[in-house]
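Take a look at the structure below.
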Ligand SMILES: [Cu+2]
């Protein structure tokens, strides 16, 4: 150690070294072996509305595909907008994990759903749960997709590679 007080540059270098050590410890904390992971995924439709005396009904339509819905002003002048989404829309697991996704239909009559990368295809109906289990044996980013509510109802399953 130098007998002189540390310069600001030396202090910053020491802080960075400590941070790098801590970050390394966090990354190494990932489990060495595969785990069983469970997630609930809801089919939901957030909605907003207002009356035309406060905000005009939009003149530009939203993108097509069935995922976005606008209801024009009713007799009281109230109009609404909504979007179908998965909640959560992103799920992160480690390669090799056994993944269980429990899809639950909250809004919308039905959602024809595919997770092509893992061979899953089913129709989720409102008030029902549909559970799928598979091993995330390949790393990458894979969609879980409703065929009738696009582009908004596409989720991502992120499978982190194992070293
Ligand atoms: Cu849908």
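Looking at the structure I just gave you, is residue 48 at pLDDT 95 or above, assigned to a strand (DSSP E or B) and surrounded by fewer than 11 Cβ atoms within 10 Å (Cβ to Cβ)?
Here the answer is yes, as residue 48 does meet what is asked.
Which is under 14 Å from residue 148 (Cα atoms), within 15 Å of the ligand (Cβ to nearest atom) and over 19 Å from the mean Cα position of the chain (by Cα), of 43, 109, 83? Residue meeting the stated conditions: 109. One residue stands out in region 113-131 among those that are surrounded by 15 or more Cβ atoms within 10 Å (Cβ to Cβ) and more than 16 Å from the ligand (Cβ to nearest atom): the one that is farthest from residue 63 (Cα to Cα), namely 118. Here residue 70 does not qualify as surrounded by fewer than 16 Cβ atoms within 10 Å (Cβ to Cβ) and within 12 Å of the ligand (Cβ to nearest atom).
Looking at (1) assigned to a strand (DSSP E or B); (2) surrounded by 14 or more Cβ atoms within 10 Å (Cβ to Cβ), which is the one condition that is false for residue 143? Of the numbered conditions (1) assigned to a strand (DSSP E or B); (2) surrounded by 14 or more Cβ atoms within 10 Å (Cβ to Cβ), the odd one out for residue 143 is (2).
Identify all residues within region 56-67 that are more than 16 Å from the ligand (Cβ to nearest atom) and surrounded by 11 or more Cβ atoms within 10 Å (Cβ to Cβ); write none if there are none.
Within region 56-67, 57, 58 meet the criteria.
Per the listing 133, 70, 100, 113, the residue uniquely touching a residue at least 60 places away in the same chain (Cβ under 8 Å), part of a strand (DSSP E or B) and out of contact with any helix residue (DSSP H, G or I) (no Cβ under 6 Å at 6 or more places or on another chain) is 100.
The values are calculated or read from the model by the stated rules, or taken from the named source; none is laboratory data. Everything numeric here is computed off the predicted structure, so don't read it as measured data. All Cβ positions, even for glycine, are placed from backbone atoms using ideal geometry, and neighbour counts span all protein chains on display.
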